[in-house]
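Comments concern the structure below.
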Amino acid sequence: MLKKYKPVSFIATLDAEKARVFYEDRLGLMLLANEYFALVFDLNGHTLRIAKVDELAAARHTVLGWEVDDITATVNGLAERGVVFDRFEGMDQDELGIWLSPSGAKVAWFKDPDGNNLSITQLA
């Protein structure tokens, strides 16, 4: 029933100004609106609503990710904008923090200012 409709993604923030700088300036997303309850960004034709909340328990798993054509170039470009990539003990990540999954996909993770886990993936 919902397959014909565009999805809307949701993330929460305790500090809307820090989140705005991160998503707009570091990740390069276009801000559509700064509403009372949320920041609204364009996600390549889809909507990302970053809810302004008073309490937040960041998920330990990835909450939002992007599929990219060239993960090395994307990691380098984001790092130049101040994005710090995570390293995980026991995972064989290269010098940029990129992990090669068993399927052949390459994945790198980073956090937003609220500790939300984000990722970029280059499919095999």
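The values are calculated or read from the model by the stated rules, or taken from the named source; none is laboratory data. This structure is a prediction, so every number in the text was calculated from the model and none was measured. With ideal geometry, Cβ positions are generated from the backbone for all residues, glycine too; neighbour counts draw on all protein chains shown.
Would you say Ala79 is in contact with a strand residue (DSSP E or B) (Cβ under 9 Å, 6 or more places away or on another chain), among the small types (Gly, Ala, Ser) and more than 20 Å from Ala108 (Cα to Cα)? Outline the logic, then answer.
Details: in contact with a strand residue (DSSP E or B) (Cβ under 9 Å, 6 or more places away or on another chain): yes; among the small types (Gly, Ala, Ser): yes; more than 20 Å from Ala108 (Cα to Cα): no.
Criteria not met by Ala79.
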Somewhere in segment 78-89, is a residue of a type in the set (Lys, Arg) and not in a strand (DSSP E or B)? yes
Would segment 62-80 turn up any residue that is surrounded by fewer than 17 Cβ atoms within 10 Å (Cβ to Cβ), over 13 Å from the mean Cα position of the chain (by Cα), in contact (Cβ under 8 Å) with a residue 24 or more places away in the chain and under 25 Å from Tyr5 (Cα atoms)? no
So which residues in segment 1-45 are touching a Lys or Arg at 6+ places or on another chain (Cβ under 6 Å), closer than 16 Å to Trp66 by Cα and not in a strand (DSSP E or B)? Arg26
Starting from segment 17-36, take each residue that is in contact (Cβ under 8 Å) with a residue 40 or more places away in the chain and list its partners that are in a loop (DSSP other than H, G, I, E, B) and not charged (D, E, K, R), counting only C-beta distances under 7 angstrom and pairs at least six apart or across chains. Lys18/Pro113; Ala19/Pro113; Phe22/Pro113; Tyr23/Leu29; Arg26/Gly82; Arg26/Val83
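Given the residues Lys52, Lys3, Lys18, which is the only one that is modelled with pLDDT under 95 and more than 25 Å from Ala124 (Cα to Cα)? Break it down into steps so the answer makes sense when it comes.
Numbers: Lys52 fails: modelled with pLDDT under 95; Lys18 fails: modelled with pLDDT under 95.
Residue meeting the stated conditions: Lys3.
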